[in-house]
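Chemist: Take a look at the following structure, please.
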Amino acid sequence: MRWPKNLKIKSNVPLTPKTTFWIGGAAQFFSQPRDPRELKALLLAAKGNGVPVFILGAGSNILVSDEGVSGLVIKLDAPYFKKICLEPGLLRVGGGLMLSQMIKFAQDKSLGGMEFLAGIPGSLGGALAMNAGCWGFSIASLVKEAQVMDYRGKVKILQNKQIHFAYRKSSLAKYIILSAGLKLKKSRRLVIKNNISEYLAKRRKAQDLSFPNAGCIFKNPGKKSAGMLIDACGLKGKGIGQAFVSERHANFILNKGACRAKDVLALMRIMKKQVKAKFKLGLQPEIKIWE
Ligand code: EPU
């Protein structure tokens, strides 16, 4: 394997602490580019070496295999990718910025409309790639345009109309999101603050954050809640190794300590099989499985 000397690439970097699930092996290669120029150089070098590339956002929606990831994991957490500023008619946000920081910035500037995202432990790029959402809203509704890089290093600006968004799905997933221009909505700071508190309280009530987890494991099949279906199969509390179906929300798997990815996958197979047998509905993972 040959990498250009000017690129900082580490080998065999443990990914467990970089994920909210706290599961999995190491990245074969790992790098944190400082800017789009370095990012492009990394992509081209990976291509030259025939190495697959994985973009790590906040690590909140992935299950890393116990054997780790064969390829180059790139994390966009340098200051360049975490910029946030007001531009005429839009809020420009870097793909590596955490949603919580974005919401706080907007609140300070009296800009509302994104409070529903409060409590989602994601980066803007990750949230856009999967069209994250909750309480009937999704991040797609905020997007005016996105600045993206393709895996050959070419930068493009896509307007909202050029992006396909669906439930937990977006055409932006095939790019690396450098930044997005989000729509602004003037609001009162106190109103925004109260909205955020309400959403956080709802989230605390419905979800189970008592142990490391990756949020909802499966997508909802149609209008039905995957959590409700898994619950109806009597699977709450079911465990394999240290992986347990949450007692509070059955679409959450909890890592109760040194959990292995293979136990999570085995538990997921049981959840899927029982929902299929009882309701004739196929569950699709919402989390990304990295191998
Ligand atoms: N329910 C049960 N048992 C359970 C879980 C839920 O009966 O174990 C019932 C609830 O009582 C409620 C209904 O199912 O009547 C829906 O539950 P909830 O409000 O928790 O919504 P959900 O459909 O399970 C979705 C998203 C969540 C998002 C919430 C709130 C998916 C896969 N999940 O969950 O997103 O926070 O709505 O809007 O779309 C995530 O993406 O990681 C995530 C957690």
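The values are calculated or read from the model by the stated rules, or taken from the named source; none is laboratory data. Small disclaimer: the values here were computed from a predicted structure and weren't measured. Methodologically, a virtual Cβ is constructed for each residue, glycine included, from the backbone with ideal geometry; neighbour enumeration extends over all protein chains shown.
Chemist: Suppose the filter is among the acidic types (Asp, Glu), surrounded by fewer than 20 Cβ atoms within 10 Å (Cβ to Cβ) and farther than 24 Å from CYS216 by Cβ; does ASP35 pass it?
Modeler: Taking the combined requirement at face value, the residue satisfies it.
Chemist: Determine the pairs where a residue that is closer than 21 Å to GLY59 by Cβ and among the polar types (S, T, N, Q), located within region 105-123, has a partner that is modelled with pLDDT of 95 or more and in a helix (DSSP H, G or I) with Cβ atoms under 9 Å apart, the partner being 6 or more residues away or on another chain.
Modeler: SER123/PHE81; SER123/LYS82; SER123/LEU99
This table checks each residue for (1) within 16 Å of the ligand (Cβ to nearest atom); (2) in contact with an Asp or Glu (Cβ under 6 Å, 6 or more places away or on another chain); (3) more than 30 Å from ASN194 (Cα to Cα).
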position	(1), (2), (3)
ALA41	no, no, yes
ALA45	no, no, yes
LEU56	no, no, yes
VAL73	no, no, yes
LEU86	no, no, no
GLY95	no, no, no
SER100	yes, no, no
LYS104	no, no, no
GLY119	yes, no, no
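Chemist: Hey, another quick one. Farther than 26 Å from ARG204 by Cα and not acidic (Asp, Glu), is that true of SER100?
Modeler: In short, no.
Chemist: Please work out if GLY136 is within 14 Å of the ligand (Cβ to nearest atom), of a type in the set (Gly, Ala, Ser) and at pLDDT below 95.
Modeler: Yes, satisfied.
Chemist: Under 6 Å between Cβ atoms, at least 6 apart or on separate chains: pull out the pairs that start in region 1-24 with a residue that is closer than 19 Å to GLY57 by Cα and in a helix (DSSP H, G or I) and end on any residue that is of a type in the set (Phe, Trp, Tyr) and at pLDDT 95 or above.
Modeler: What qualifies is THR16/TRP22.
Chemist: Now a separate question. Got at least one residue in region 51-68 being part of a helix (DSSP H, G or I), among the aliphatic types (A, V, I, L, M) and over 18 Å from SER123 (Cβ atoms)?
Modeler: No, because not a single residue in region 51-68 is part of a helix (DSSP H, G or I), among the aliphatic types (A, V, I, L, M) and over 18 Å from SER123 (Cβ atoms).
Chemist: Going through region 104-160 one residue at a time, which ones are over 12 Å from the mean Cα position of the chain (by Cα), assigned to a strand (DSSP E or B) and closer than 24 Å to ALA201 by Cβ?
Modeler: LEU111, CYS134, PHE137, SER138
Chemist: Give me the residue from region 139-164 that is crowded, with 22+ Cβ neighbours inside 10 Å and without any contact (Cβ under 8 Å) to a residue 40 or more places away in the chain and, out of that set, nearest to the ligand (Cβ to nearest atom).
Modeler: By that ranking, first place goes to ILE139.
Chemist: Okay, moving on. Does region 236-255 hold any residues that are more than 9 Å from the ligand (Cβ to nearest atom) and not β-branched (Val, Ile, Thr), and which are they?
Modeler: Correct list: GLY237, LYS238, GLY239, GLY241, GLN242, ALA243, PHE244, LEU254, ASN255.
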